[in-house]
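Following: one structure in C-alpha cells, then a few remarks.
Every number in this text was worked out from the coordinates using simple rules, so none of it is lab data. Predicted model only: the values in this text are computed from it and were never measured. Every residue, glycine as well, gets a Cβ built from its backbone with ideal geometry; the counts of neighbours run over all protein chains shown.
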Amino acid sequence: MSTVALYLSRQGVLISWSTENVLGLLGAQHDLPALRDACRYALTDGQDDSPLPPPAPLTPAAQQMLSDEFG
C-alpha cells in the first residue's frame with residue numbers, strides 16, 4: 001500500500017495522500033518499511049523469519065496542543 005485515499009461520493013471527488021505523508025501527520029516515529037516489518041512480526045508472533053520490530057524512539061514526539069497557542 002503506497003496511497004491512502006478517501007472518496008467523497010456526493011461530491012464525486014477522490015482525495016489521496018501518500019502513505020508516508022499520512023504516517024507523518026499521525027506522528028509516526030519510524031519509516032514505512034520498519035513499520036511494515038513490525039506489523040509482520042506482530043501478526044506472525046515472530047515466526048516465518050520475521051525481523052524484530054524497530055526499537056522504541058528515544059524521545060516521544062512533542063505534539064502541540066491548541067491550548068499552547070493561547071498560553
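Positive-end ranking of Gln11, Gln29, Gln47 along the dipole of segment 3-54, with charges on Cβ about the Cα centre, is headed by Gln11.
Sort Asp31, Asp49 so the one with the fewest other Cβ atoms within 10 Å of its own Cβ comes first.
Working: Asp31 11, Asp49 7.
Listed from fewest to most nearby Cβ atoms, that is Asp49, Asp31.
Given a cut-off of 11 Å, what percent of all Cα-Cα pairs of segment 1-44 lie beyond it?
On the way: 663 of 946 pairs.
Summing the P(r) tail past 11 Å for segment 1-44 gives 70 percent.
At full extension, Leu32 and Ser16 could sit 4.0 nm farther apart than now, given 0.36 nm per residue minus the alpha carbon distance. Neighbour counts of other Cβ atoms within 10 Å put Val13, Val4 in the fewest-to-most order Val13, Val4.
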